[in-house]
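What follows is a single structure, written as structure tokens, with notes after it.
The values are calculated or read from the model by the stated rules, or taken from the named source; none is laboratory data. Since the model is a prediction, treat every value here as computed from it, not as a measurement. So basically every Cβ, Gly included, is an ideal-geometry build from the backbone, and we count neighbours across all protein chains shown.
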Amino acid sequence: MKMNEFLKQIASDIKNGKEYTKEDYYYLLKYTGIKKDHSRAEEIEEFYNKFLESLNNSLIRHVTRKTGTGINTTNYIGFYTEKRASYTEAYKVYFSVKYEYMISSLKTIFSYLIRNSIESVVKFHVKATNENIVIRFYHKEDVIPFINYCHNNFILEDLLEQPNPFIATIYGIGIIRDDNTINTYNGTLSEVLEDYFNFLKERNALDNISDLHFLDYVMQKESREENEIVRFNLHAIVVDIKAILSRTSPLG
């Protein structure tokens, strides 16, 4: 789904009486284009537990964290790091793999990060989403080599789902930034979408919606924001939308 389609669908829903909260927008961002599926959740967890067993018997420095339970489990594993990434230096890469290829993709990504000693944190879900695997690279210079590796070794158009329409991509792999403390990219975007549609609804201006109008709204919001970290997240959204509309790299 394109950004304009996403925005216009919500505008149509609101004109027809549907109400949206920021939680609704967050859900849409995470599941747009995805069929509900958790059939491989136990298999993914089993693979990951075996991987951790092998890792714990090695000398590779790593940390783990888990949130949720059952099909709502989200796993985090950090390689070669024991602290949060600097939000001014880090980049998040969305490897929106099709659900049936989750395990093989995790194997490949873990192997690549370990083999190249890359400071990173991998987040992955055990159910299907359009952000099945997200990698936070601590250093910008590690991003393009990873993307080129994937591009040169896989048929990415067959392997990947589309990330949400506000995430710019290179070869289908999404790239964004966020502060990783106050809010995530999608969390900030959800709040902005809620504000934006409320703004249009109050002015009876839902017919004026477009990707360029939304970009202008976010840019104005960024210019007025006094909190440095929130402004950083808003600027990250501006960068990705501009990259999508101009078909340029979000890495600059």
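Of all the listed residues (Glu131, Glu141), the sole one being outside any strand (DSSP E or B) and crowded, with 21+ Cβ neighbours inside 10 Å is Glu131.
Just one of the listed residues (Lys66, Lys83) is modelled with pLDDT of 95 or more and either in the same structural domain as Val134 (by TED's automatic domain parsing) or surrounded by 12 or more Cβ atoms within 10 Å (Cβ to Cβ) (or both), and it is Lys66. Within region 196-252, restricting attention to residues that are of a type in the set (Phe, Trp, Tyr) and within 20 Å of the chain's Cα centre (by Cα), the residue that is farthest from Met3 (Cα to Cα) is Phe232. If you check Val93, Val121 for being out of contact with any helix residue (DSSP H, G or I) (no Cβ under 9 Å at 6 or more places or on another chain), at pLDDT 95 or above and crowded, with 20+ Cβ neighbours inside 10 Å, only one passes: Val121. Just one of (1) assigned to a helix (DSSP H, G or I); (2) closer than 30 Å to Leu200 by Cα; (3) without any contact (Cβ under 8 Å) to a residue 24 or more places away in the chain; (4) not polar (S, T, N, Q) fails for Glu19. It is (1). When restricted to residues that are in contact (Cβ under 8 Å) with a residue 40 or more places away in the chain and in contact with a helix residue (DSSP H, G or I) (Cβ under 8 Å, 6 or more places away or on another chain), region 58-76 contains 4. Asn16 passes every criterion in (1) in contact with a strand residue (DSSP E or B) (Cβ under 9 Å, 6 or more places away or on another chain); (2) modelled with pLDDT of 95 or more apart from (1).
Out of (1) of a type outside the set (Ser, Thr, Tyr); (2) surrounded by 14 or more Cβ atoms within 10 Å (Cβ to Cβ); (3) at pLDDT 95 or above; (4) out of contact with any helix residue (DSSP H, G or I) (no Cβ under 6 Å at 6 or more places or on another chain), what's the single condition that is false for Leu55? Answer for Leu55: the failing condition is (3).
Residue count for region 178-193, restricted to those that are over 29 Å from Leu206 (Cα atoms) and touching a helix residue (DSSP H, G or I) at 6+ places or on another chain (Cβ under 9 Å): 3. If you check Lys8 against the conditions, is it closer than 14 Å to Thr129 by Cβ and assigned to a helix (DSSP H, G or I)? So Lys8 does not fit the description; no.
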